[in-house]
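The values are calculated or read from the model by the stated rules, or taken from the named source; none is laboratory data. Being a predicted model, the structure only gives us computed values, none of them experimental. No Cβ is skipped: glycine too gets one built from the backbone with ideal geometry, and neighbour counts run over all protein chains shown.
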Amino acid sequence: MTDGGYVERVRLRPQRQCLSISGTGQVHELTIERRSGEDRRATTLAAYVHGAFRPRRHAGRRTADHYPIVDWHSPRVLALVLMILGLCVMDGVLTVMLMAHGAAEINPVMALFLPHNLPLFAVVKLTLTGLGVCVLVACSRMQLFRRVPGEVFLYVILLAYLALVSYELGMLDLAQEIAA
């Protein structure tokens with residue numbers, strides 16, 4: 001803009017830079033801050049709640065996406081996760097009950113906590129299982145090993161936990177019969 005001998009140039013950025021040339025040929029630079037100071041990108045609890053109840057990405061953005069990253073998974077995946085975590089809790093309780101009957105924990109990581117520290121055992125067991133399940137949920141729409149849908153691994157883990165809990169229930173019945 002030319003206004004009485006002054007020339008102004010504006011960049012399209014949050015800061016506005018103005019160059020002004022006076023009639024004497026001197027160049028003056030003025031910077032005008034246009035930002036409000038509030039960072040709209042700040043992560044808040046409200047952003048997580050909004051994203052949890054109104055997810056934006058249900059599928060890949062392009063048809064050529066081989067491994068889409070989504071923030072919405074089917075209710076079937078949620079049911080699988082809840083069943084796996086529930087069976088994990090049941091496995092922990094049955095393990096403690098079997099140890100009361102003289103059994104030994106054969107998992108070397110969990111054996112560090114049993115029978116000395118039951119709350120830490122529960123926290124570590126659920127944390128490790130939860131982290132593994134989170135990874136499997138993130139990979140649930142991918143083709144793992146170029147052939148197997150990632151969701152299949154959740155079903156395999158569920159079946160393994162069902163077999164383990166069934167085995168522990170059978171051992172508990174046997175232990176109670178021997179004790180009686």
Exercise for the section: Would you confirm whether any residue within region 132-150 is among the hydroxyl-bearing types (Ser, Thr, Tyr) and touching a residue at least 40 places away in the same chain (Cβ under 8 Å)? Expected result: yes
Exercise for the section: For region 78-85, indicate whether the set of residues that are modelled with pLDDT of 85 or more and not in a helix (DSSP H, G or I) is non-empty. Expected result: no
Completion exercise
Reported set for region 132-180 where residues are of a type in the set (Lys, Arg) and within 19 Å of the chain's Cα centre (by Cα) is ARG141
Exercise for the section: List every residue pair whose Cβ atoms sit under 7 Å apart, with the two residues 6 or more apart in sequence or on different chains, where the first one lies in region 73-99 and is among the charged types (D, E, K, R) and the second, anywhere, is part of a helix (DSSP H, G or I) and buried (at least 18 other Cβ atoms within 10 Å of the Cβ). Expected result: ASP91/TYR161; ASP91/GLU168
Practice task
Those residues that are at pLDDT 90 or above and within 24 Å of VAL137 (Cβ to Cβ), I need them from region 86-115; list them, please.
Solution key: GLY86, LEU87, CYS88, VAL89, MET90, ASP91, GLY92
Exercise for the section: Inspect region 131-148 for any residue being in contact with a Phe, Trp or Tyr (Cβ under 7 Å, 6 or more places away or on another chain), surrounded by 12 or more Cβ atoms within 10 Å (Cβ to Cβ) and at pLDDT 85 or above and give the result as yes or no. Expected result: yes
